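Okay, so here's the structure we're looking at.
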Amino acid sequence: MNELVPIFFYGGLINLAVMERVGLVQREWRLASLPGYRIEIEPWVTLKPRPSSTSFGIVMPATHAELDAVYGRLAVRYYPFPILASTDQGFVPALSYFAGPMEKRIADAEHVMPLLRTATRLGFPGWYLEEISSFLPREQPDRT
């Protein structure tokens, strides 16, 4: 299906270089937030419902074929959900992809840092950058 649908991207796909590398065509996009969801990275990025939280990303149209190709090759299965993203032009109905069940583990810094750099470059709020940083692995004390 080649019809374009609006997608709320919030993880690695907010990075335009990553988008290009995985075969998503870059189209006009806008910054967006998703009230009522918290970002989690344990070890893969997903969103979880939390009424007092907000997550940030971009809304960009994509085709179902592109989305099937991108999400079909990931280490964990992602499922599409309808959401209502907030943009500078009001609320936009869109799809977003949330990870299915996964074994909870500490995320690798190589997975968190690119997202943190991109979120910083896009100007996401400081508290949100701290939230992303909270998923960086912590140094373990030397027990020798």
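For the chain, what is one quarter of the convex hull surface built on the Cα atoms, given in nm²? Could the numbers behind the result be given before it?
Values: hull surface 38.6 nm².
Dividing the Cα hull surface by four gives the mean projection, 9.7 nm².
In whole angstrom, how far apart do the alpha carbon centroids of segment 75-144 and segment 31-45 sit?
If we compute the Cα centre of each part, the gap is 5 Å.
On a 1.4 Å probe surface of the protein chains, which of LEU74, LEU67, LEU16, LEU116 comes out largest in accessible area, and what is the full order? Spell out each step's value before the answer.
Numbers: LEU74 80, LEU67 0, LEU16 55, LEU116 25 Å².
Order by accessible area, largest first: LEU74, LEU16, LEU116, LEU67.
By accessible area of protein heavy atoms, probe 1.4 Å, what ranking do LYS48, LYS104 get, highest first?
Details: LYS48 95, LYS104 145 Å².
In descending accessible area the options line up as LYS104, LYS48.
Calculate, for the chain, the solvent-accessible area per residue in square angstrom, rolling a 1.4 angstrom probe over the heavy atoms of the protein chains.
Numbers: 8350 Å² over 144 residues.
Per residue, the chain has 58 Å² of solvent-accessible surface.
When the dipole is taken about the Cα centre of the chain, and only Lys, Arg (+1) and Asp, Glu (-1) are charged at their Cβ, what size is it in debye, to the nearest 20?
Details: 14 positive and 15 negative charges, 33 e Å.
It comes to approximately 160 debye.
When only alpha-carbon atoms count, how far does segment 56-139 stretch along each of its three principal axes, as whole angstroms with the largest first?
41, 31, 18
What figure in square angstrom, to the nearest 10, would you give for the accessible area of TRP127 with a 1.4 Å probe?
Around 130 Å² of this residue is reachable by solvent.
Over all directions, the average projected area of the alpha-carbon convex hull for segment 13-95 comes to how many nm²? Each step should come with its number before you reach the end.
Working: hull surface 22.5 nm².
One quarter of the hull surface, i.e. the mean projection, equals 5.6 nm².
I want the antiparallel fraction of DSSP beta bridges within the chain, as a percent rounded to 5.
Values: 28 of 29 bridges.
Counting only bridges with both partners in the chain, antiparallel ones make up about 95 percent.
The values are calculated or read from the model by the stated rules, or taken from the named source; none is laboratory data. Since the model is a prediction, treat every value here as computed from it, not as a measurement. So basically every Cβ, Gly included, is an ideal-geometry build from the backbone, and we count neighbours across all protein chains shown. Keep in mind that these areas ignore ligands, DNA and RNA; they rest on the heavy atoms of the full protein, side chains included. Shrake-Rupley method; radii C 1.70, N 1.55, O 1.52, S 1.80 Å.
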